[in-house]
1. Output the residues belonging to region 399-420 that are part of a helix (DSSP H, G or I), hydroxyl-bearing (Ser, Thr, Tyr) and either crowded, with 16+ Cβ neighbours inside 10 Å or free of Cβ contacts under 8 Å to residues at least 24 places away in the same chain (or both).
2. From (1) open to solvent by 60 Å² or more (accessible area, probe 1.4 Å); (2) at pLDDT 80 or above; (3) closer than 24 Å to residue 448 by Cα, pick out the condition that doesn't hold for residue 243.
3. So residue 119 passes all but one of these: (1) within 30 Å of residue 173 (Cα to Cα); (2) open to solvent by 60 Å² or more (accessible area, probe 1.4 Å). Which condition number does it fail?
4. Hey, can you tell me all the residues within region 173-188 that are of a type outside the set (D, E, K, R), in contact (Cβ under 8 Å) with a residue 24 or more places away in the chain and open to solvent by 50 Å² or more (accessible area, probe 1.4 Å)?
5. Would you check which residues across region 452-464 are surrounded by fewer than 18 Cβ atoms within 10 Å (Cβ to Cβ) and either closer than 26 Å to residue 322 by Cβ or small (Gly, Ala, Ser) (or both) and list them?
6. Scan 519, 496 and give me the residue that is more than 17 Å from residue 563 (Cβ to Cβ) and open to solvent by less than 30 Å² (accessible area, probe 1.4 Å).
7. For residue 284, state whether it is in a helix (DSSP H, G or I), at pLDDT 70 or above and crowded, with 18+ Cβ neighbours inside 10 Å.
Amino acid sequence: MTHAQFWPESQAAEMVTHLAQGAGQPVETAPASHDPALYAQAMGLEAESVRLNGGEIDAALRTLAPGFIHIAGRGYLAVAKSSRTRLKLLAPDLTLVSMTVPAAARLVRSEASSSIQSQVEQLADRCGLSGRARERAIDSLLDERLRGRLLAPAWQLRIPPGRAFVQQLKDAGLLRRAAIFVGSHILENIALLIAWLAIGQGALSGRIDFGWLTAWACLLITMIPLRALTTWSQGMLAIGAGGLLKQRLLAGALTLDPDLMRKEGAGELLGRVNEGEQLESLALSGGLASLLSIFDLVIAALVISRGASAALQLPAFLIWVAFCGSLAARYIMRRRAWAKARLKMTHHLVENMTGHRTRLAQQPVATWHAGEDEELSQYLRLSEGLDRAGARLTALAGRGWMLISILAIAPEFLASRSNTTTLALALGGMLLGQQALRRTIAGLAQLGGAWIAWDQVKPMFEAAAHQPARGSAILDANSTSENALEAYQLTYRYPGQSEPVLKQCSLVIRTGDSFLLEGSSGGGKSTLAAVLAGLRAPQSGLLLSSGLDPHTLGVAGWRKRIAVAPQYHENHILAAPLVFNLLLGRNWPPTEADRNEAVEVCRELGLGPLLERMPGGLEQMVGETGWQLSQGERSRIYIARALLQQASVVMLDESFAALDPENLRLCLECVLKRAPTLVVVAHP
């Protein structure tokens, strides 16, 4: 590959702009930058880091587009399109250059494999390999020798989860799959209709012609690939849309106001999570079923209008559809009331389980189950009503229409005034109407459940659209000044409170300082730390880090500069490997240097014996389903997590309260050595 296909680092911003525009991604204007990932963020896009590791490089390249790869000493490769076998590279002259995936993989690992290339080639020669077999063998051997080693950094461009959901569906190719799904289903119904017409006309005329039987058989055979295409496109559409929905809900959950979440309690939050799972399955399956049922109902009505006794059958069909719609609406309202009662019981159950120890110690035994019997009785009544409404709806929809349709067709059939074609159409319309009604009722029931679940997850879905500020300028994150952190006249009040917890607060922390913030309980120490760290936004005042405010740096840039370890009840050990809990603030998966630094920090904090006890070391599962940690061990992991974030300011809120004197000494020595600027919040 010629050097002319590489983008120089000075044109990184232009490369990102053309890649995003070529992929149809909406972009915003931003100042140019030599860092393409930072520039993409300023444009309103996400540049997700992709590790091109040995042994996995082919699979990563096939799904990279739109994205770019940095080759040391040569520049950037812009991947505009990718498939299973080939890549389309965007050159600086805006032409597309085709390259096979194996050739691109060889280019990426060329520098890392230079020291072992000759050895592998000699081995291939001794085995008598030549041509393409020799190339494939060399590629496989090099992949195995370089397995797990980072070959080159790469980034994939994508729209943030909070942007327009329809645009995300379009970028994922789901609108095209939806068109395939609808089209194949319409063709399948047309084939089914013609097949019924062919066999019905022959049966009603009293003779079965071989040509009609052949046409009927051919139509049935044609329906097989159409049904397969419908099922495949429906599955791909459901999987893709479900993944995007989960991604958006996760982004929204991460942006919810922590104070509002704390007021809801664990039970209500668990209910939201459970309803999110139901929304994905019910909305997609019910939405697709309802979409199909609309076409089925229209086709059934058209067929009935062309059949015998259309003057009676068509109005009866329309009236019956409206009647079934009213039954479905009643069923959905009953299901909504039932779901509210279920979520209320879930909330109370989780809250009681969470506070079980306090309940045992302080609450009288006679009041432990107060109100539970009433809730269960109400839930039972609602469940019985829901079951009756569902049974009524299911039984009447299809069977009732069959009876009404037969009564409408009977006069024409008995009088023999209609020909066989119109009678066949009337019978076909009756069967199509029954199938359409069944599918409609099933889809409406699922959509009703999705609507109920939507009430719970709507705040998270909408919160994803209110993403934190990205920053209005491209700035060097490593820039320093004399003052690491400055606050002037800060005021903050919690929602629903009239008096501010912080009022006209000002302070200056210089670079390299070790700052101790003391005060009594409830005096606002933790609130001030949260405001300084960017976890809460003040109602008024000015906040600066190295002379730049949060709006200029953006929320992500601010938190990158200032790492905070909140108090014990606001910090968490996730059910994941220990190394994941330690390196949350770095790119994942971690490099070997990251892992070594994590071990070193843990040993300095006195966690060496813990690592030695753990059979899996850094890979040991910790948290609710793994290794149980003491409060002191958790506190030191929180400290290690903040130090490993590589921020210019480290804030520790009551992080030393659970430590014994020896471990306290070790932790103080570690943080004083490793934190460039240190802020410690503690009681006097």
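The values are calculated or read from the model by the stated rules, or taken from the named source; none is laboratory data. Because the structure is predicted, anything quoted here is derived from the model rather than measured. Reconstructed Cβ throughout: ideal geometry from the backbone, glycine too, with neighbour counts over all protein chains shown. Ligands, DNA and RNA are excluded from the accessible area calculation, which covers all protein heavy atoms including side chains. Shrake-Rupley method; radii C 1.70, N 1.55, O 1.52, S 1.80 Å.
1. Taking region 399-420 first, the residues part of a helix (DSSP H, G or I) are 399-415, 420.
Subsequent filtering for residues that are hydroxyl-bearing (Ser, Thr, Tyr) retains 405, 420.
405 - this is the single residue of region 399-420 that is part of a helix (DSSP H, G or I), hydroxyl-bearing (Ser, Thr, Tyr) and either crowded, with 16+ Cβ neighbours inside 10 Å or free of Cβ contacts under 8 Å to residues at least 24 places away in the same chain (or both).
2. (1)
3. Looking at each condition in turn, residue 119 falls short on (1).
4. Taking region 173-188 and keeping what is of a type outside the set (D, E, K, R), we get 173-175, 178-187.
Remaining after also requiring in contact (Cβ under 8 Å) with a residue 24 or more places away in the chain: 173-174, 178, 180-182, 184-187.
Scanning region 173-188 gives 180, 186, 187.
5. 454
6. Values: 496 fails: open to solvent by less than 30 Å² (accessible area, probe 1.4 Å).
The conditions single out 519.
7. Spelling it out, it is not the case that residue 284 is in a helix (DSSP H, G or I), at pLDDT 70 or above and crowded, with 18+ Cβ neighbours inside 10 Å.
For every residue, the table says whether it meets (1) surrounded by 14 or more Cβ atoms within 10 Å (Cβ to Cβ); (2) outside any strand (DSSP E or B).
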{"site": "52", "(1), (2)": "yes, no"}
{"site": "79", "(1), (2)": "yes, no"}
{"site": "87", "(1), (2)": "yes, no"}
{"site": "93", "(1), (2)": "no, yes"}
{"site": "98", "(1), (2)": "no, no"}
